[in-house]
Amino acid sequence: MKKYILPILLFTASFALSQENYNTESYSVSLEDIESSTFVKDSTANAFVIYEYGNSYIHKYDYDLRTEEKYKIKIINREGFENANVVIYQYKNSYQSERVEDIFGATYNMIDGKVVKTQLQEQDIYKEQLDENRTIIKFTLPNIKEGSVITYSYKTRSPFIFKYHGWDFQSEIPKLYSEYNTSIPGNYLYNIKLVGGQKLVINESAIEKKCLETFRGASADCAVSKYAMKDIPAFIEEDYMTTKSNYLARIEYELQTFKGMDGTVKHYTKTWDAVDKELRTDKEIGKQLKKKVDAEEILPTSIFNEADDLKKAKAIFQFVQENYTWNEEYKLFTGASINDIIKTKSGNVSSINILLHNLLKESDIEVKPVLLSTRENGFPTTLFPVLSDFNYQIVQAKINNKTYLLDATDNYLNFGEIPFRCLNDKGRLVDFKNGSSWIDLKPSTPSKVFYNVEINLNDVILSGNVNTKRTGYHAFNSRKLYYKNNSEYLNKLENRHPDLEILDFEVISESKTSPDFKEAYNIEYNYAGAGDKIYLNPFIFKFFNENPLKLQERTYPIDFGYEDSYYYLFKLELNDEYEVIEMPKTANLILPNNTGQILLNAYQIGENLNILFKIDFNKSIYEVEYYPYLKEFMAKIVDIQNNSLILLEKTK
């Protein structure tokens, strides 16, 4: 029988390959597209794009932007049926509107050995007004089954040439082939930006002469381009990331300059010098930043008369925190004057922080505004100014040659801290005298977690005391939870550790804006025993309950926001009654380029068993190449916490 094994294996392999002979060359549906039933490149995929095509160009008669789009998608199983639901957005303003035309769709199935095509009917296409500027067109491809191939296409006519049609090469499902073609007249100068870490397999450009002509004989040549990607993985969101728009592979266009056939020139994208001048005179930013406030009347006398600049700045910061409420609106512009904010004691993020800026300035503290985009809003464009990228404003203060970033919107922030939502790469420091510049948005203090657990052992229970300390963002999160509702905080602590009885709980930190958060309490813990033997996991408290990194492949960075460290010290007093038979083994795992470390060390000194567990993340952002190492790193942390064992035996 042995002589048949190799031919059978070869036949099985060739059969598997024959099941995936998809037509990625065109929009046409092939028999292989329908008959193929697997997707080896991603066994978790429920559906994937076989082929998609886009073509955008300026029409030579009406000068509208025309876009043709075509999609061919394979549905693998029922979980992929949602990909048969299509939504198209139409934009309009008070004067003009986009139009979607020539919608066509069809579903192809293999039924009783025959290919059956079911076409989308016009009455199954619906329009819905989303808001005053957007209409959505919706339809669902008919007769969807496991193994179906769906196709749909449509054309868009847009009068909004300043917003050239972009193209998403990546989406929530994998793609075998994605192609986008453009034709851009020479009198339209766009900034073109390729986003995401995927590489183009086709990137071609040529010049088409006289693609546009006017009735007076003027003409323009066109840059004709073709872009394509192959084997694009699905974009799946996972922990430790900013908004997916930062990483989704796509191409974007921003109109920089338009040159009319009559010789007129209009600049849409400006320089930072020009934007700085506009901001300086803007009634909601520049004029508000320059507006004088009566600090002596607004601030308590004790603050106004404080001689030490740092103490005064901290007091002003705390005063704004406690007396002015952020309405949770993310806006770059104030929408109101500073005088209105002073009266109503409420405003959006820019209003609150411009008030802070002006009070500090009137108190002779050197301050400048910083414009930024929050993590959920996406990275701001750094190649050229796009004010619409920004949705947040904070303050930079310089005191005694030290720089502080300040945000008074949250009552639990310590002086020099900005909210986690603001840790989004870079912000624009606005300096009306010397010109604006980019600055890094980095935490001013390290973020660490310390646990010191000391346990006594007796015949009935383990008892002992726990001391914790948190700094940086770990401290901020705990402060906010505790000072908002301390009884709920304690309940959550007890619920996270149902095997523990927590006694004499107290918080040692001074206030809700202390730079650290310290707590102390006693515990009683029932352990697992078998006769004269005791089995004990020393990790009564865990930093990570499970590995948060689960993807086969991640196409975007791992963004923690800040560097952090975790320390766990465990001390077990044996009291001459037990001897150690087994203890956790020493472990030392280091990430590439020394960017992180796990250290586990267990040792006995006299009648005390000591365990040190330390975790360091030495980067706030890890590039994609680190993902498999970080995934293993996290798995090791969870394994150590869950499976470490101390085996004790009664002495005789």
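The values are calculated or read from the model by the stated rules, or taken from the named source; none is laboratory data. Everything numeric here is computed off the predicted structure, so don't read it as measured data. Backbone-built Cβ (ideal geometry, glycine too); neighbour counts: all protein chains shown. Quick note on the areas: whole protein, heavy atoms, side chains included, nothing else; ligands and nucleic acids left out. Shrake-Rupley method; radii C 1.70, N 1.55, O 1.52, S 1.80 Å.
Please work out the Cα center distance from region 355-393 to region 222-263, rounded to the nearest Å. Their Cα centres are 26 Å away from one another. When the trypsin sites (Lys or Arg not before Pro) in region 386-441 are filtered for DSSP coil states and for at most 14 other beta-carbon atoms within 10 Å of their beta-carbon, the remaining sites are 433.
When the chain is described by a simple charge dipole with +1 on each Lys and Arg Cβ and -1 on each Asp and Glu Cβ, the residue from 509, 87, 575 located farthest towards its positive end is 87. If one computes P(r) from the Cα atoms of region 331-408, what percent of pairs lie at distances over 20 Å? Counting pairs separated by more than 20 Å, the tail of P(r) holds 37 percent. Per-atom-type breakdown for the chain gives carbon and sulfur 47% of the accessible area (1.4 Å probe, protein chains only). In summary, the aspartates and glutamates within cross-link reach of residue 533, defined as a Cα separation below 18 angstrom excluding same-chain residues under 8 places away, comprise 459, 573, 576, 577, 579, 582, 607, 649. Can you compute the FRET efficiency between residue 311 and residue 410 using 1/(1 + (r/R0)^6), with r the Cβ-Cβ distance and R0 = 22 Å? Round to the nearest 0.05. Computed FRET efficiency for residue 311 and residue 410: 0.55. In the structure shown, the pairs 70/155; 480/631; 314/433; 283/311 are assessed against 20 Å; a Cα-Cα span above that value is assigned to 480/631; 314/433; 283/311.
For region 457-563, chymotrypsin sites (Phe, Trp or Tyr not before Pro) are listed when DSSP marks them as loop and at most 10 other Cβ atoms sit within 10 Å of their Cβ; the list is empty. Measuring max minus min along each principal axis, the C-alpha atoms of region 297-448 give extents of 46, 38, 34 Å (largest first).
Over region 449-574, the fraction of Cα-Cα pairs per 10 Å bin, rounded to whole percents and listed from the shortest bin up, is 10, 36, 31, 17, 5, 0.
Rolling a 1.4 Å probe over the protein heavy atoms gives the chain an accessible area of 51 Å² per residue.
Reported to the nearest whole Å, the Cα centre-to-centre distance from region 493-568 to region 149-169 is 50. Label reach from residue 643 (point 7 Å along Cα→C-beta): in region 541-572, amide nitrogens under 15 Å belong to 546-547.
Quotient of the Cα radius of gyration of region 453-524 and 2.2 N^0.38 Å, N being its number of residues: 1.18.
At q = 0.17, 0.24 Å⁻¹, what log₁₀ I(q)/I(0) does region 599-652 have when each alpha carbon counts as one equal point scatterer in the Debye sum? Each listed q maps to, in turn, -0.71, -1.05. Taken over the C-alpha atoms, region 22-72 has Rg and Dmax values of 15.7, 48 angstrom. The stretch between residue 110 and residue 438, if pulled fully straight at 0.36 nm per residue, gains 112.3 nm over its current Cα-Cα span.
Using Cβ point charges alone (K and R +1, D and E -1), the dipole size of the chain about the Cα centre works out to roughly 1920 debye.
P(r) tail, region 540-609: Cα-Cα pairs separated by more than 17 Å, 64% of all pairs.
Here r is the Cβ-Cβ distance between residue 239 and residue 162 and R0 is 30 Å; the resulting FRET efficiency, rounded to 0.05, is 0.20.
Test of understanding: express the Cα radius of gyration of region 389-494 as a ratio to 2.2 N^0.38 Å, with N the residue count.
So the Cα radius of gyration is 1.53 times the expected 2.2 N^0.38 Å.
For the chain, the list of Cys residues with no other Cys C-beta under 4.7 Å reads 422. Shape analysis of the chain yields a ratio of the Cα radius of gyration to the Kirkwood radius, Rg/Rh, of 1.05.
Checking every one of the GluC sites (Glu not before Pro) in region 576-652 against DSSP loop status and a limit of 16 other Cβ atoms within 10 Å picks out 577, 607, 623.
Rolling a 1.4 Å probe over the protein chains gives residue 479 an accessible area of about 0 Å².
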